[in-house]
Protein chains: 4
Amino acid sequence: MANPTVTGPRGYSLPLSPNGLSSMLTPPPWHFAGEVVMVDYRVDPERAARFLPPGLTLGADPGAAAAVFAEWNWCSDDGAELAEPQRCQFAEFLIFIACEHRGRPLARCPYAWVDKSVPMMRGWVQGMPKQLGSIHQTRPKLVGRTGPRPGEGGRFDGTLSVNGRRVVEASVTTRELVAKPPLLHDIPLVHTKTTPAWIDGEVPGTALVTSRVDGVEFSPIHTGPAQLRFLDMIDSDFAGLAPVEVGAGYTFHYAETLHGGELLD
Amino acid sequence: MANPTVTGPRGYSLPLSPNGLSSMLTPPPWHFAGEVVMVDYRVDPERAARFLPPGLTLGADPGAAAAVFAEWNWCSDDGAELAEPQRCQFAEFLIFIACEHRGRPLARCPYAWVDKSVPMMRGWVQGMPKQLGSIHQTRPKLVGRTGPRPGEGGRFDGTLSVNGRRVVEASVTTRELVAKPPLLHDIPLVHTKTTPAWIDGEVPGTALVTSRVDGVEFSPIHTGPAQLRFLDMIDSDFAGLAPVEVGAGYTFHYAETLHGGELLD
Amino acid sequence: MANPTVTGPRGYSLPLSPNGLSSMLTPPPWHFAGEVVMVDYRVDPERAARFLPPGLTLGADPGAAAAVFAEWNWCSDDGAELAEPQRCQFAEFLIFIACEHRGRPLARCPYAWVDKSVPMMRGWVQGMPKQLGSIHQTRPKLVGRTGPRPGEGGRFDGTLSVNGRRVVEASVTTRELVAKPPLLHDIPLVHTKTTPAWIDGEVPGTALVTSRVDGVEFSPIHTGPAQLRFLDMIDSDFAGLAPVEVGAGYTFHYAETLHGGELLD
Amino acid sequence: MANPTVTGPRGYSLPLSPNGLSSMLTPPPWHFAGEVVMVDYRVDPERAARFLPPGLTLGADPGAAAAVFAEWNWCSDDGAELAEPQRCQFAEFLIFIACEHRGRPLARCPYAWVDKSVPMMRGWVQGMPKQLGSIHQTRPKLVGRTGPRPGEGGRFDGTLSVNGRRVVEASVTTRELVAKPPLLHDIPLVHTKTTPAWIDGEVPGTALVTSRVDGVEFSPIHTGPAQLRFLDMIDSDFAGLAPVEVGAGYTFHYAETLHGGELLD
């Protein structure tokens, strides 16, 4: 970019600036490592189906769903954000529903909340519908009597509040190890990359996209009984994904590196 | 959209949902009314020019800039958000630099911060580079000795903090009425609508866009001497827009309705 | 205080420091000016009585209560805080119940929430049970279509959330002026100054205290119909003050200066 | 308490309520477990001495100080808070200076910040000068490349912001185990329990108090080189405790149970 006065300001994202230093988002790859508290549950299959865009079907296990709490570290490829804990940490709550594309099992994320703006915006670049919420989950310590030890089982709670209202509460008591990760955390996500219409005559773009991920790492995975409650229903669409049955809970640490997206053909 | 079970989930923005009820953003028009504390200032014209994309030039008054604090109410066309003060209020800090497109005076907003996620995301739909920050400004009361009266002059202060660091401080003492609004608050904004590349081979979209606005309303406008300081410089691109000279301050209330965007030809 | 190495660090409150500069609280007087949204309501008199300490009775109108939202500016006698809007502003939600001491009408504040730590701690110095919450209320603007004008009637909403749960919602539509302030905002407050026991054998101090206030100022007072709902009940004691009947609403600006406390004899 | 209508509302702290259920603070004992990032440093002994009340002297190592970041879980004796992660977690930043009382080595905490109101208020009950701030520190994960593993050495960063200004930054790279805890985290704290004057003629109470602690537990303690910077100086008293020399850093988990206070005779 030899002549910036010709080419103008630049950056992976807004804000654009002379040397691209002000971009809110760094370009991928993005590295993540987090503590996960997850609950398998079931939704009404008919209501779940209405969240799937053309091209996706409910697949082999209609109504399979999961609620996922996670506390993440993230960093760009140079790791610069790790020196500033306020920037490299965020908490997340996700809902997954099982689906298929041409027989390939995928997970669909109809709702997601995070507690920082950078991961929220990064979600929208991917087509992941992240909004801002207040998310908390149990944090293990190596000593004392205030809860579980890092990497071990025990009681883990998670809560989501949105706009000052409590939306989701989960409680998992993990008691034994399990060899395989819970299915919905071990298959690719499929998002609808969406561009809201703004300019007159603009047709909003939408495209089905999966992610290119590597560096996947699971810690030992603990499982046990779980509780899951949806309290404030936000709106009647969201209410369609409330639990009709609650399954097993899981706790584990998980890492991945996210490189970009791929169109589903 | 006659058959949603065929066409899939919908909404003006993510999250898409069966009836479009979960969309984070409502479609325009969006109505705004806010209290503004504004400081005219000057930047180094050469550094300002490096923030302008091809097609824009500095124009008749190279280096003219403004720092704008505002506390807004907003609502959709049905006014539903007004019943929930937590949702319809936000604070904003903007930098404007004067520019021209084919001789037409415009304002360019290279940096913007808000304290809520909905206006942040709405900014990105327009190409406005809004990030999350902590923004505060003087709030008048009708009684007592804690500052000015609503709609009158007096001392107004504004502060911006980002990631726990103080970035901007302004102080305006307005003493007299002025007939005309400050120029940079009275000309159209021009944004670069930007789509970060995500999918392999994707060419990031960029387009110069202005906004279709009506319902503009100014309260009486007060003016007087001002101070403006940039403290933490964030990055060396941002530092290029630090004040080299500080001009007059202004306080006023302002309203507008935002309908959509128009491509600059 | 000639020899600080002998007398040690000082300050009106913690933290004590060599020159008293670090004290979290400035000494009174404290000046306040705020916008008030208030709803008269009634509680079960028997349950209200259980919130009154010995020496206080329900008085002439058993079960009279009020819910009060306010957005305040405050400053010390030198006004220093006004230059920093982040420090001089806070929002508050209060419950008042009517009571009497030896025939003198007083207001009792069994619950209070603010959104900043300095007014919270200042409350405890007085015996006012302030906790941290998230409080929002309608903010008028001079222009536009996003709500009422400053100092005029219209629709005003208020919300209180505590620990991510919505606790109180109020809505007032004020339509006419009223000559007299609502009673519970126009009589002295009586608090129980309370010191939790910490040192072995310590008997917690409690004392009935009113406040020395002057500089009281009311803007014109608007009144009209109101709604008031308690949602999350926090605990079964708090639930005892839920509305059994909702009365009129009021909006006004109010100022006072608080000088100190007086023991009720 | 047979007749609550006679004895009135009760509680360990404000708010008092019929059955004591609304008390903001639960009575001790309080159990704590946390992750600590600590930096030994030195202050100007003469300036440190001015922070000591009568009865305390600098002792054997004048000017020894420490900066301590910690992320805590806490709970009451019944553990009820652990089911609500939002309530049982808080972050803290402390400054310690070494001192002596009649030859007994003690640690003095002239400044402390936490990010929740309950631990802040609990601090004041003890005489610990806790204020609200924004505190962040590195969080280890069991997998991935975003930082250290729980309970192991590595790079740990900590930051403190107050009122939107960055006040302290620390960085510790722990590389080896050390047998003994850092001295200032292994001796009793001595506080000045302080009651601000409110009622006319009131003499503010002050008393030197230590704490009754048991259940102390340290994880293995890692040590290594450290950096520590004070950025915004808040006030000129606080500036007196800025580092003149920076020593070793430490990372460890720590637990204790706090039972109450004891007057220093």
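For the range A:149-198, a tally of residues being small (Gly, Ala, Ser) and farther than 30 Å from residue D:88 by Cα returns 2.
If a residue must be closer than 18 Å to residue A:163 by Cα and away from chain B (no Cβ under 14 Å), how many such residues does the range C:116-145 contain? Give the steps one after another, and end with the answer.
As a first pass, look at the range C:116-145 and keep what is closer than 18 Å to residue A:163 by Cα: C:132-139.
Subsequent filtering for residues that are away from chain B (no Cβ under 14 Å) retains C:132.
Final tally of qualifying residues: 1.
Being outside any strand (DSSP E or B) and either under 30 Å from residue A:206 (Cβ atoms) or within 13 Å of chain C (Cβ to nearest Cβ) (or both) is a condition met by no residue of the range B:245-260. Checking each residue in the range D:33-58 for being more than 14 Å from chain A (Cβ to nearest Cβ), among the charged types (D, E, K, R) and outside any helix (DSSP H, G or I) picks out D:40, D:42, D:44, D:50. Considered as a group, the residues in the range A:239-265 that are charged (D, E, K, R) and more than 30 Å from residue A:79 (Cα to Cα) include one that is surrounded by the fewest Cβ atoms within 10 Å (Cβ to Cβ), and that residue is A:265.
Here is a yes/no grid of residues against (1) under 19 Å from the mean Cα position of the chain (by Cα); (2) farther than 27 Å from residue D:146 by Cβ:
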| site | (1), (2) |
| --- | --- |
| A:150 | no, no |
| A:155 | no, no |
| A:165 | no, yes |
| A:177 | no, no |
| A:212 | yes, no |
| A:222 | no, no |
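Here residue B:198 fulfils each of the conditions (1) among the hydrophobic types (A, V, I, L, M, F, W, C); (2) in contact with a Lys or Arg (Cβ under 8 Å, 6 or more places away or on another chain); (3) within 14 Å of chain C (Cβ to nearest Cβ) apart from (3).
Scanning the range A:73-86 for residues that are among the polar types (S, T, N, Q) and facing chain D (nearest Cβ under 7 Å) yields A:73, A:86.
Hey, among the residues in the range D:47-60 that are more than 17 Å from residue C:10 (Cβ to Cβ) and touching a helix residue (DSSP H, G or I) at 6+ places or on another chain (Cβ under 9 Å), which one's surrounded by the fewest Cβ atoms within 10 Å (Cβ to Cβ)?
Narrowing the range D:47-60 to residues more than 17 Å from residue C:10 (Cβ to Cβ): D:57-60.
After this cut, where a residue has to be touching a helix residue (DSSP H, G or I) at 6+ places or on another chain (Cβ under 9 Å) as well, the list is D:57-58.
On the way: D:57: 14, D:58: 19.
Among those that are more than 17 Å from residue C:10 (Cβ to Cβ) and touching a helix residue (DSSP H, G or I) at 6+ places or on another chain (Cβ under 9 Å), it is D:57.
Has the range D:87-99 got any residue that is within 14 Å of chain A (Cβ to nearest Cβ), over 16 Å from the mean Cα position of the chain (by Cα) and among the basic types (Lys, Arg)? Yes, because at least one residue in the range D:87-99 is within 14 Å of chain A (Cβ to nearest Cβ), over 16 Å from the mean Cα position of the chain (by Cα) and among the basic types (Lys, Arg). Checking each residue in the range A:213-261 for being among the charged types (D, E, K, R) and either in contact with a Lys or Arg (Cβ under 6 Å, 6 or more places away or on another chain) or within 15 Å of residue A:185 (Cα to Cα) (or both) picks out A:214, A:217, A:232, A:245, A:256. Please find, among C:164, C:153, the residue that is in contact with a Lys or Arg (Cβ under 6 Å, 6 or more places away or on another chain), under 24 Å from residue C:234 (Cβ atoms) and either touching a residue at least 12 places away in the same chain (Cβ under 8 Å) or at the interface with another protein chain (Cβ under 7 Å from one of its Cβ atoms) (or both). Being in contact with a Lys or Arg (Cβ under 6 Å, 6 or more places away or on another chain), under 24 Å from residue C:234 (Cβ atoms) and either touching a residue at least 12 places away in the same chain (Cβ under 8 Å) or at the interface with another protein chain (Cβ under 7 Å from one of its Cβ atoms) (or both) holds for just one of C:164, C:153, which is C:164.
Just wondering, is there one or more residues in the range C:219-238 that are of a type in the set (S, T, N, Q), assigned to a strand (DSSP E or B) and within 14 Å of chain B (Cβ to nearest Cβ)? Yes, the conditions are met somewhere in the range C:219-238. As a summary of the residue check, residue C:175 satisfies the conditions (1) within 19 Å of residue C:130 (Cα to Cα); (2) away from every other protein chain (no Cβ under 12 Å) except for the one numbered (1).
Summed over the range A:57-80, the residues that are charged (D, E, K, R) and in contact (Cβ under 8 Å) with a residue 40 or more places away in the chain give a count of 2.
Going by the conditions given, is residue C:169 within 21 Å of residue C:109 (Cα to Cα), touching a residue at least 60 places away in the same chain (Cβ under 8 Å) and either surrounded by fewer than 20 Cβ atoms within 10 Å (Cβ to Cβ) or among the basic types (Lys, Arg) (or both)?
Values: within 21 Å of residue C:109 (Cα to Cα): yes; touching a residue at least 60 places away in the same chain (Cβ under 8 Å): yes; either surrounded by fewer than 20 Cβ atoms within 10 Å (Cβ to Cβ) or among the basic types (Lys, Arg) (or both): yes.
When the stated conditions are applied, residue C:169 passes them.
Per the conditions (1) farther than 27 Å from residue D:103 by Cβ; (2) of a type in the set (Ser, Thr, Tyr); (3) under 18 Å from the mean Cα position of the chain (by Cα), the sole criterion not satisfied by residue D:236 is (3).
Summed over the range C:127-166, residues that are crowded, with 23+ Cβ neighbours inside 10 Å and more than 30 Å from residue C:212 (Cβ to Cβ) total 9.
Quick note: the coordinates plus some simple rules give every number you see, no bench work behind them. Source: prediction; values computed, not measured. Note: ideal-geometry Cβ built from the backbone for every residue, glycine included; neighbour counts use all protein chains shown.
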